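Read through the structure below, which is laid out as structure tokens, and then see the notes.
The values are calculated or read from the model by the stated rules, or taken from the named source; none is laboratory data. Bear in mind the structure is a predicted one, so any value in this text is a computation, not a measurement. No Cβ is skipped: glycine too gets one built from the backbone with ideal geometry, and neighbour counts run over all protein chains shown. Keep in mind that these areas ignore ligands, DNA and RNA; they rest on the heavy atoms of the full protein, side chains included. Shrake-Rupley method; radii C 1.70, N 1.55, O 1.52, S 1.80 Å.
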Amino acid sequence: MSVVRERLAALCDQIVRHSDMDQVIRDAGVGPQLDELLDAVRAAQTPDPARLIELLDEIEEACGREGLAGITTSMKQYTPLPAGFFDSGPDEPPTWTCPLRRCARTVFDDETTTPPSCAAAGTPMAATRIL
């Protein structure tokens, strides 16, 4: 399920970061797949991971044919925190995470000045503290 969460996070980030990405995906011919995917993520019951991967693959392949690579994949590279790093406590700025808890998207406070939004939920991401 972690692969699905990572790919959902990448897609959510693309849609929210680029205001025209939703339309670009639809123009690539996979609007129904995008709608089904977002509906499944919003649903109260846990979505079928196999179906989510099928939908993510269809979106990725269609966008790839249009010259857009990496719509549902992430190229972020994370490195370990330096030795001696400690949480500064309750005054630590928030880290934003998926409000639906269905994807692995994370936005750090230095990446935005306002609460980022979730493409699936249509709401702000959840402010959390990394301890």
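Counting only protein heavy atoms and a 1.4 Å probe, tell me what percentage of the stretch 1-58's accessible area is made up of carbon and sulfur. Provide the component values of the computation, followed by the final result.
Details: 1500 of 3040 Å².
Ligands and nucleic acids excluded, carbon and sulfur reach 49 percent.
Modelling each spin label as a point 7 Å along the Cα-to-Cβ direction, I'd like the Asp22/Glu61 distance in nm, to one decimal.
2.6 nm
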